[in-house]
Every structure is written in structure tokens, then in C-alpha cells.
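J.: What follows is a single structure, and I will ask about it in a moment.
The values are calculated or read from the model by the stated rules, or taken from the named source; none is laboratory data. This structure is a prediction, so every number in the text was calculated from the model and none was measured. Neighbour counts are summed over all protein chains in view; Cβ atoms, including those assigned to glycine, are modelled from backbone coordinates with ideal geometry. With ligands, DNA and RNA removed, areas are computed over all heavy atoms of the protein, side chains included. Shrake-Rupley method; radii C 1.70, N 1.55, O 1.52, S 1.80 Å.
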Amino acid sequence: MRNTHGYAAFDPQSPLGPFSFPRREPLADDVVIEIHYCGVCHSDLHQVRNEWHGSSYPMVPGHEIIGQVLETGAAATRFQAGDWVGVGCMVDACGACPECQDHQEQYCDHTTYTYNSPDPHTGLHTYGGYSKLVVVNQRFVLSVDKSLDPAAAAPLLCAGITTYSPLRHWGVKPGQKVGVIGLGGLGHMGIKFAHAFGAEVALFTTSEHKIADAKKLGADQVILTKHTEQFAEHALSFDFILDTVAAPHNLDPYTACLKRDGVLCLVGVPDQAHPSPNVGNLIFKRRAIAGSLIGGIRETQEMLDFCAEHGIQSDIELIPLSEINHAYERMLRSDVKYRFVLDLKNYAPT
Ligand code: NAP
Ligand code: ZN
């Protein structure tokens with residue numbers, strides 16, 4: 001075992017603080033990664049505060065990891081020391097079930113998540129990317145093209161793939177109208193991808209002050225959700241709407257905006273259920289409400305390569321690890337443009 005340093009939550013209420021813990025010695029298929037940057041996802045906050053229940057402490061959050069390979073196990077031939085690599089929300093899966101065989105490891109019943117997941121190697125639970133070092137099986141390590149800014153690429157590992165995957169799965173293309181609900185970490189990537197795929201893009205937001213930014217990110221239209229009369233202008237006009245909001249809300253105004261056969265895809269995971277949707281809204285236009293979880297490893301690599309090819313990365317605020325508690329407060333106020341990224345390269349434990 002080798003010791004590393006980071007920040008952990010010790011219970012659902014207290015601020016995160018410094019924490020030292022061991023990582024395993026690399027197995028034959030493992031890659032040892034020096035973490036340079038880690039994005040701050042709203043899921044980290046849900047988990048730290050035990051909003052989804054089942055949180056284990058101490059918890060080292062973080063699943064938007066970018067770093068450089070320090071060393072590799074004897075059979076981990078896909079990577080070499082010095083390579084820029086990424087790790088997202090998963091560090092293992094069974095590899096044998098139909099989901100894994102279909103490159104959809106996120107839907108495997110035995111996925112090991114990057115943190116707060118039973119760790120078969122230690123008998124404890126996994127620790128994530130708010131730390132300086134991680135050891136991961138090479139099958140779950142992604143290549144990051146040198147053309148990407150490594151700090152701004154970190155959020156691609158969760159916010160990026162979580163928006164890319166449903167937009168691809170439902171075949172978003174030129175000529176279609178796509179909505180994104182919520183301009184946060186996921187939402188700003190959703191706008192960038194939907195725009196890059198050639199769709200007309202509209203943002204639904206609670207924040208008037210984000211209108212100009214949304215247009216710079218690629219939105220053609222912005223709908224202020226507090227002005228409910230604006231929904232009527234968009235009735236029956238959307239092919240696909242991606243809902244990234246982290247709190248319960250009424251889905252009916254959005255399903256009413258869908259065309260016949262349109263899809264409202266939920267990716268936000270609030271701690272309480274949304275109010276029950278109006279079933280008539282769905283039946284009378286054959287509309288669907290769906291959900292989507294991150295994306296598989298193969299698709300995550302495809303997304304990273306697409307970003308390198310098209311110059312897409314995240315808009316970030318780079319902060320020291322000691323700022324994490326303040327960052328959570330700001331994220332809850334929707335006050336981040338548009339993803340916090342922790343600078344672990346320059347973190348020195350005291
Ligand atoms: P975020 O940066 O905090 O963005 C959420 C956005 O939702 C806010 O910026 C805000 O946008 C909007 N919003 C409107 N009302 C809100 C309210 N009452 N409380 C909070 N937000 C509100 O969060 P994120 O990191 O993008 O994550 C969004 C959700 O997706 C979280 O629930 C997270 O756990 C989940 N998630 C799911 C997956 C998956 O695989 N399905 C993966 C990652 C994250 P406006 O200011 O524009 O209204
Ligand atoms: Zn995430």
C-alpha cells in the first residue's frame with residue numbers, strides 16, 4: 001500500500017477536511033495516476049450530504065479525474081509513464097454481463113464506482129479524486145489528447161459523458177430542436193454538444209443573469225422558467241429535452257413543449273421525487289419520459305476524442321482544494337461558471 005493525501009467528508013454535516021489514506025500497490029493491469037485536476041460534480045454534494053442515502057464515511061469524493069501516469073503494472077500495456085489520462089465515475093465492472101458485453105458498464109449490477117462503492121481490493125469502500133494519487137485498472141482509464149487543456153477537460157469525465165451519451169443515444173441531429181434544462185456543470189456541456197451536433201438549442205433556466213452566457217455557449221434561445229407564459233410559445237416544438245436540474249420540479253410544462261414522439265430525458269438526480277407527471281401529456285402525443293446514467297467507457301473515449309477534434313472543453317473555475325466547502329455553497333446557489341475544478345497538482349498537505 002502507498003499513502004496519499006486528499007480531502008474527505010467525515011459525516012453528512014461537517015465541512016470536508018484533510019485526510020490521508022492508502023492506495024493499493026498496482027496489480028498487473030493497474031495504472032498509477034498522479035491526479036492533477038478533479039472536477040466538482042453536484043453528485044459529490046448529494047453524496048457528501050447523504051442525500052441519496054447509503055453514504056460511507058470518511059468519503060473522498062471526485063469522479064472527474066485528470067492526471068498523468070506515474071507507473072503501470074506488468075500487463076497494463078495501453079499506457080506509459082507520462083501519458084495524460086482520465087478516470088470518470090467507474091473504476092470496475094463485472095465484464096461478463098450483457099451490459100458490460102454491450103459496452104454499457106454503467107448499467108452493470110456490479111459496477112465499482114470511483115468513490116463510495118464497496119472496494120473488493122481493500123474490503124472497505126473506494127476513495128475518489130479529491131486526492132493526489134489513484135490506482136485504476138487500465139480498462140477504466142481514458143486517453144486524453146494533448147490538445148485539450150487538462151483542467152478544462154476534467155469535467156468531461158462526468159458532466160461531458162452524461163450529456164453526450166443521451167444526445168447520441170436519441171440521435172440528435174441537424175434540423176432538430178433540443179432543450180437543456182438548467183445551466184450548471186451538466187447543462188453547459190449539454191448546450192455545447194447539442195450545438196456541435198447541429199441542433200437548434202434552447203436553454204430553460206431559472207437564472208436571468210445566465211442569458212448572455214448561454215448564447216455564447218451555443219444556445220439559440222433562452223426560456224426563463226419563471227415566466228410561465230414563455231412555455232406556451234414553445235408548445236409542441238421540441239424533439240428532445242435534457243433535464244439536468246438537481247432539485248424536484250414539475251415536469252409537465254416541459255413534456256407539453258415536446259412534439260409528438262418527443263423525449264424528455266432526466267439526468268438530474270434530486271434527493272426527492274419529482275411531482276407525478278401528467279400522463280395525458282404523454283399518451284396523447286406518444287411522448288416519453290426517460291432517464292440516462294453517465295455513459296460506457298468506450299463511449300467516454302469517443303466523447304473525449306470528439307472534444308479534441310472539435311475543440312470542446314468545459315468552462316471552469318480552478319480552485320485550491322481548501323476552497324471545496326465554499327465551492328459547494330456556491331454550487332447550491334447556482335453560482336459557478338460553469339464547473340469548479342480542484343487544483344490537486346499544487347496541493348501540499350500541511
Ligand atoms: P449544477 O452544476 O449544480 O447545475 C444544476 C443546475 O440546475 C443549476 O445550475 C440551475 O440552473 C438548475 N436548477 C434550477 N433549480 C434548481 C434548484 N432548486 N436546485 C439546484 N439546481 C437548480 O449540477 P450538475 O453537476 O450539473 O448536476 C446536475 C444533476 O445531475 C445533479 O442532481 C447530479 O447529481 C446529476 N448527475 C447525474 C448524472 C447521471 O449520470 N444521470 C451524472 C452527473 C450528475 P439554472 O440556474 O440555469 O436554473
Ligand atoms: Zn458527476
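J.: Could you work out [θ]222 nm for the chain from helices alone, using -39500 (n - 2.57) per DSSP H run of at least four and dividing by all its residues? Round to the nearest 500 deg cm²/dmol.
T.: Details: 11 runs with 81 residues, N = 350.
Computed mean residue ellipticity for the chain: -6000 deg cm²/dmol.
J.: If I model a spin label as a point 7 Å beyond the Cα along the Cα-Cβ vector, how far apart are those points for Cys94 and Glu329 in nm?
T.: Simple spin-label model gives 4.5 nm for this pair.
J.: Counting other Cβ atoms within 10 Å, keep those with at most 12, restrict to DSSP loop, and tell me which chymotrypsin sites (Phe, Trp or Tyr not before Pro) in the stretch 182-231 are left.
T.: Values: sites: Phe193, Phe197, Phe204, Phe231; in loops: Phe197.
In loop regions of the stretch 182-231 (DSSP not H, G, I, E or B), there are no sparsely surrounded chymotrypsin sites (Phe, Trp or Tyr not before Pro).
J.: Can you list residues whose amide H is under 5 Å from Ile181's amide H, if they're 5+ apart or on another chain and H is modeled 1.01 Å from N?
T.: Amide H neighbours of Ile181: Phe204, Leu242, Asp243, Thr244.
J.: On a 0 to 90 degree scale, rounded to 10, what angle separates helix 185-196 from the longest Cα axis of the chain?
T.: That helix lies at roughly 70 degrees to the long axis.
J.: Keeping every protein chain present and rolling a 1.4 Å probe, give me the accessible area per residue for the chain in Å². Write down the numbers at each step before the final one.
T.: On the way: 14530 Å² over 350 residues.
Each residue of the chain exposes 42 Å² on average to a 1.4 Å probe.
J.: Suppose R0 equals 25 Å. What FRET efficiency, 1/(1 + (r/R0)^6) with r the Cβ-Cβ distance, do Phe10 and Glu71 give to the nearest 0.05? Don't jump to the answer; show the numbers that get you there.
T.: On the way: r = 31 Å, r/R0 = 1.23.
Computed FRET efficiency for Phe10 and Glu71: 0.20.
J.: Relative contact order (percent) for the chain, with alpha-carbon contacts under 8 angstrom and 6 or more residues of separation?
T.: Numbers: 812 pairs, mean separation 64.0, N = 350.
It comes to 18 percent, rounded to a whole number.
J.: What does DSSP give for the chain in terms of the percent of beta bridges that are antiparallel, rounded to the nearest 5?
T.: Working: 33 of 60 bridges.
Expressed as a percentage, antiparallel bridges in the chain total about 55.
J.: Next question, about the same structure. Expressed as an acute angle from 0 to 90° and rounded to the nearest 10, what is the orientation of the C-alpha long axis of helix 159-169 relative to the principal long axis of the chain?
T.: Its long axis makes an angle of about 50 degrees.
J.: Still on this structure, I have one more. If you average over every viewing direction, what projected area does the convex hull of the Cα atoms of the chain give, in nm²?
T.: Working: hull surface 67.8 nm².
Projected over every direction and averaged, the Cα hull of the chain covers 16.9 nm².
J.: Oh, and also: Based on the alpha-carbon gyration tensor of the stretch 160-291 and its eigenvalue square roots a ≥ b ≥ c, which shape applies: rounded if a/c is under 1.5, prolate if not and a/b is larger than b/c, or oblate?
T.: On the way: a/c = 1.29, a/b = 1.18, b/c = 1.09.
Rounded, because the longest to shortest axis ratio a/c is under 1.5.
J.: So, one more: Mind pulling the angle between the C-alpha long axis of helix 297-310 and the longest principal axis of the chain? Nearest 10 degrees, somewhere in 0 to 90.
T.: Helix 297-310 sits at roughly 70 degrees to that axis.
J.: Around Asp29, which amide H atoms from residues at least 5 apart in sequence, or from another chain, sit under 5 Å from its own amide H, with H modelled in the peptide plane?
T.: So Asp29 has HN proximity to Ala75.
J.: Could I ask something else about it? Near the amide H of Phe238, under 5 Å away, which other amide H atoms are found, from residues 5 or more places off or on another chain, if H is placed in the peptide plane?
T.: Excluding prolines and chain starts, which carry no amide H, the hits are Leu258, Lys259.
J.: Okay, moving on. In sequence order, what are the phi-derived ³J(HN,Hα) couplings for the stretch 269-283 according to the Karplus relation 6.51 cos²θ - 1.76 cosθ + 1.60 with θ = phi - 60°, rounded to whole Hz, with x for glycine and proline?
T.: 10, x, 6, 10, 5, 5, x, 4, x, 6, 5, x, 4, 7, 4
J.: What is the percent carbon and sulfur in the accessible area of the stretch 71-211, measuring with a 1.4 Å probe over the protein chains and ignoring ligands?
T.: On the way: 2620 of 5230 Å².
Taking all protein chains in place, the stretch 71-211 shows 50 percent carbon and sulfur surface.
J.: For the stretch 45-58, what does the Karplus curve 6.51 cos²θ - 1.76 cosθ + 1.60, with θ = phi - 60°, yield as ³J(HN,Hα) per residue in whole Hz, taken in order and with x for Gly and Pro?
T.: Taking θ as phi minus 60°, the curve returns 5, 4, 6, 4, 8, 6, 6, 9, 6, x, 7, 10, 10, x Hz for the stretch 45-58.
J.: Using R₀ = 51 Å, calculate the FRET efficiency as 1/(1 + (r/R₀)^6) where r is the Cβ-Cβ separation of Glu233 and Lys345; round to 0.05. List each step's numbers first, then the result.
T.: Numbers: r = 47 Å, r/R0 = 0.93.
The calculated FRET efficiency here is 0.60.
J.: Let me ask another. Compute the distance in nm between two label points, each set 7 Å from the Cα along the Cα-to-Cβ direction, one at Ala212 and one at Leu124.
T.: Inter-label distance under the simple model: 4.8 nm.
J.: Kindly write out, for the stretch 335-350 in residue order, the coupling ³J(HN,Hα) from the Karplus curve 6.51 cos²θ - 1.76 cosθ + 1.60 (θ = phi - 60°), rounded to whole Hz, with x marking Gly and Pro.
T.: 10, 8, 10, 10, 8, 6, 10, 7, 8, 8, 4, 9, 7, 10, x, 8
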